[in-house]
Structure formats: C-alpha cells, structure tokens
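Engineer: Handing you a structure now.
Every read-out reported here was derived from the displayed coordinates using simple, explicitly stated rules and does not represent laboratory data. All values derive from a computational prediction rather than experimental measurement. Ideal geometry is used to build each Cβ from the backbone, glycine not excepted, and the neighbour counts take in all protein chains shown.
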C-alpha cells in the first residue's frame with residue numbers, strides 16, 4: 001500500500017452535490033454530470049501545467065460539518081468537482097470550502113482501499129478528524145483517498 005503524509009491548507013471545490021439519501025448510485029451520477037458539463041467549470045479550476053490541479057470527491061456528514069459519513073460510512077453528502085479559485089461561483093454548481101488538514105494519503109491501485117486505509121490508521125494509532133476525500137490527479141490519472149488526521153489551525157471551512 002502506497003502511503004504518504006500530505007499537509008493541505010483550506011481549499012475550494014466547485015461541483016455537483018448529492019446525498020446518499022438520493023440512492024446508492026449518487027456518486028457515479030454526480031461524476032457523470034461533472035464529466036458531461038466540465039466545460040462550464042474549466043475556467044474556475046486551479047491549474048498546474050495547464051491542467052486542473054485536481055478532481056475531488058468531498059464527503060461530509062448530513063450536517064455539512066465535514067465529519068465522516070454516518071451509519072458505518074453509508075450516509076452523507078458528496079460533492080464531485082474540481083479544485084477551484086476562492087472567488088469561483090457558477091449558477092447550478094455548488095462550492096464547498098474544505099478545511100485544511102494533515103492527511104494520510106493512500107493511492108488507489110487496483111481497488112478502492114477505503115477499509116485498508118481505516119485499518120492503517122488504527123494500526124498506527126491515528127484517528128480521522130473529519131471525512132475522507134477522493135482525489136484524482138489529472139496529470140497522472142492516479143486516484144487517492146485522503147484521510148484527515150489533524151486539523152490545521154486557522155483553516156476552518158467558513
């Protein structure tokens with residue numbers, strides 16, 4: 001398992017939001033919507049080397065407190081989108097301000113290693129201080145799961 005520690009300050013994601021209460025395929029549906037209408041978002045994306053800096057699947061509990069999904073990680077909110085500038089706003093799209101944190105970052109190789117990441121945290125005496133996030137790097141097409149293990153001071157989501 002490829003594990004890295006990442007410190008990421010507060011950042012912004014513009015995309016499509018949904019709830020697990022809308023059905024089990026909500027995440028796939030949100031990503032399909034983002035993919036089909038990305039041309040509407042591209043101008044707002046933070047870019048590196050001419051490409052978007054990253055695509056994020058941001059999770060939160062239903063109270064929008066960026067806490068982990070409830071009921072054994074089955075119930076919550078999901079925002080599928082692109083990392084964007086702070087001033088980004090687009091009608092029909094939702095922007096979340098993601099609090100800064102120190103993350104244990106695990107690369108997804110052949111599968112989605114969510115439970116393996118939870119096991120890694122437990123084995124190392126670490127506890128998530130918020131919801132885990134999906135990240136895809138458009139420069140490498142690699143996907144990762146970010147598990148927040150420490151909040152950054154002064155990096156609240158408001």
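Engineer: Where is the GNM fluctuation largest for the chain (alpha-carbon springs, 10 angstrom cutoff): 22, 43, 102?
Structural biologist: 22
Engineer: Let's test this: bin the Cα-Cα distances of the chain at 10 Å from zero up to the farthest pair and state each bin's percent.
Structural biologist: Calculated P(r), rounded to whole percents: 11, 41, 39, 9, 0.
Engineer: On a 0 to 90 degree scale, rounded to 10, what angle separates helix 26-36 from the longest Cα axis of the chain?
Structural biologist: Rounded to the nearest ten degrees, it is 40.
Engineer: While we're here: Which distance in Å, rounded to a whole number, links the C-alpha centroids of the range 68-92 and the range 1-57?
Structural biologist: A separation of 8 Å, based on Cα centres.
Engineer: Per residue of the chain, what 222 nm ellipticity follows from adding -39500 (n - 2.57) for every DSSP H run with n ≥ 4, rounded to the nearest 500?
Structural biologist: Taking each H run of at least 4 residues, the total per residue is -4500 deg cm²/dmol.
Engineer: Also, quick follow-up: Taking a virtual spin label 7 Å from the Cα of residue 74 along the C-beta vector, which residues in the range 11-25 bring their backbone nitrogen under 16 Å of it?
Structural biologist: Counting only backbone N, you get 20-25.
Engineer: How high is the relative contact order of the range 3-151? Use alpha-carbon pairs under 8 Å, at least six apart in sequence, and give a whole percent.
Structural biologist: On the way: 311 pairs, mean separation 47.6, N = 149.
Relative contact order of the range 3-151: 32 percent.
Engineer: Nearest 0.05, what FRET efficiency do residue 91 and residue 48 give at R0 = 22 Å with Cβ-Cβ as r?
Structural biologist: My answer for the efficiency is 0.25.
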